[in-house]
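K.L.:
Dumping the structure here so I can ask a few things about it.
The values are calculated or read from the model by the stated rules, or taken from the named source; none is laboratory data. These numbers come from a predicted model, not from an experiment. Reconstructed Cβ throughout: ideal geometry from the backbone, glycine too, with neighbour counts over all protein chains shown. Surface accessibility is based on the protein's heavy atoms, side chains included, excluding ligands, DNA and RNA. Shrake-Rupley method; radii C 1.70, N 1.55, O 1.52, S 1.80 Å.
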Amino acid sequence: MKQWNGLLHKEWVQWRVQIIVLVLLMLMGLFIFPTFLKVLTVGEGEFPVFEMAMIISFVAAGACVFVPVIAFATTFNKDMKVPDLWLHSTATTSKLIGVKLFMAAGMGLVYLLVPVVVVATRYLFTPHPEVMFSELLFVGVLLISAVFLMSIQFMVYGFFFIVIDQLLKPLLKGFSLVITLVLFIISARVYGEVTSSSFYERFIKVGRFDLVAIKNTNIEISYDNFMFQNTVLYVGEIAFAIFFTVGILYLAITLFEKRVRL
């Protein structure tokens, strides 16, 4: 545990300035921009500041799905420029990679929570908001959970193809990136074919449950109408996604260890 904390502290020292600066910029931007739009529309009727802030925050939260994979790729490629220094450690390869994945996921979660703070603060100081708190909370939890889990998947898949590129680089040099992109496109197509197959529909999409049965998710606001239409989930599909992602992660670490031994 002490070794893990030491590696994590090293990652934090490397990223802390960027994290603090980006969090502050996001807070200022998400707070100021809706108010700025209100100033621009003075005299054109009442401007829905809270609703606009909610829309912008939802968009910002959705964009955070790419944060972990970008953060991981950045720090991984940086350390791979000096592999002898990075890998010259008593820590296992799994631990070295795991710390980077953990840090990248944590960054994604931090940035994802910034829009939540903005919307919650706006809600508290908005007189008579048209959105019920229970509905806003429900939709917020759904959005944050979906984006975060998806970002973890993207990060793991990104790690896998980064490793593929590392394996091909000694053989193909700069052309390895092109081949890796081709392999990514082919794998995405194959994955799409599998998930749309009759076998997947029959044996994977089992254990159906609808989130709408828990809470009505229609949020009526004066600027737009947010509706979660695809709220049906399947236990089998969730289990498949978890096992597939974990399997890809294990395979990526195994291949990376092979790359290190080359």
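K.L.:
Looking at (1) closer than 26 Å to Trp15 by Cα; (2) open to solvent by 40 Å² or more (accessible area, probe 1.4 Å), find the lone condition where Leu112 falls short.
P.N.:
The one condition Leu112 does not meet is (2).
K.L.:
If you don't mind, another one. Identify all residues within the stretch 22-36 that are open to solvent by 70 Å² or more (accessible area, probe 1.4 Å) and without any contact (Cβ under 8 Å) to a residue 24 or more places away in the chain; write none if there are none.
P.N.:
Leu24, Leu25, Met28, Ile32, Phe33, Phe36
K.L.:
Might you check whether a residue that is open to solvent by less than 40 Å² (accessible area, probe 1.4 Å) and either modelled with pLDDT of 90 or more or farther than 20 Å from Leu96 by Cβ (or both) occurs anywhere in the stretch 177-186?
P.N.:
Checked against the condition, which is being open to solvent by less than 40 Å² (accessible area, probe 1.4 Å) and either modelled with pLDDT of 90 or more or farther than 20 Å from Leu96 by Cβ (or both), the stretch 177-186 yields at least one hit.
K.L.:
Sticking with this structure for a sec: Name the residue, out of Lys100, Lys10, that is of a type in the set (Lys, Arg) and in contact with a Leu (Cβ under 9 Å, 6 or more places away or on another chain).
P.N.:
Only one candidate passes the filter, namely Lys100.
K.L.:
If a residue must be open to solvent by less than 20 Å² (accessible area, probe 1.4 Å), aliphatic (A, V, I, L, M) and assigned to a helix (DSSP H, G or I), how many such residues does the stretch 75-100 contain?
P.N.:
Selection size over the stretch 75-100: 3.
K.L.:
Given Val139, Val131, which one is open to solvent by less than 40 Å² (accessible area, probe 1.4 Å), in a loop (DSSP other than H, G, I, E, B) and either among the polar types (S, T, N, Q) or modelled with pLDDT under 90 (or both)?
P.N.:
Val131
K.L.:
Anything in the stretch 222-257 that is open to solvent by 70 Å² or more (accessible area, probe 1.4 Å), closer than 25 Å to Tyr191 by Cα and at pLDDT below 90? List them, or say none.
P.N.:
Gln229, Asn230
K.L.:
Does Phe154 satisfy the condition of being open to solvent by less than 40 Å² (accessible area, probe 1.4 Å) and either farther than 30 Å from Thr231 by Cβ or not charged (D, E, K, R) (or both)?
P.N.:
Considered against the rule, which asks whether it is open to solvent by less than 40 Å² (accessible area, probe 1.4 Å) and either farther than 30 Å from Thr231 by Cβ or not charged (D, E, K, R) (or both), Phe154 comes out as no.
K.L.:
Taking into account only those residues within the stretch 75-127 that are modelled with pLDDT of 90 or more and among the aromatic types (Phe, Trp, Tyr), which is nearest to the chain's Cα centre (by Cα)?
P.N.:
Here the answer is Tyr111.
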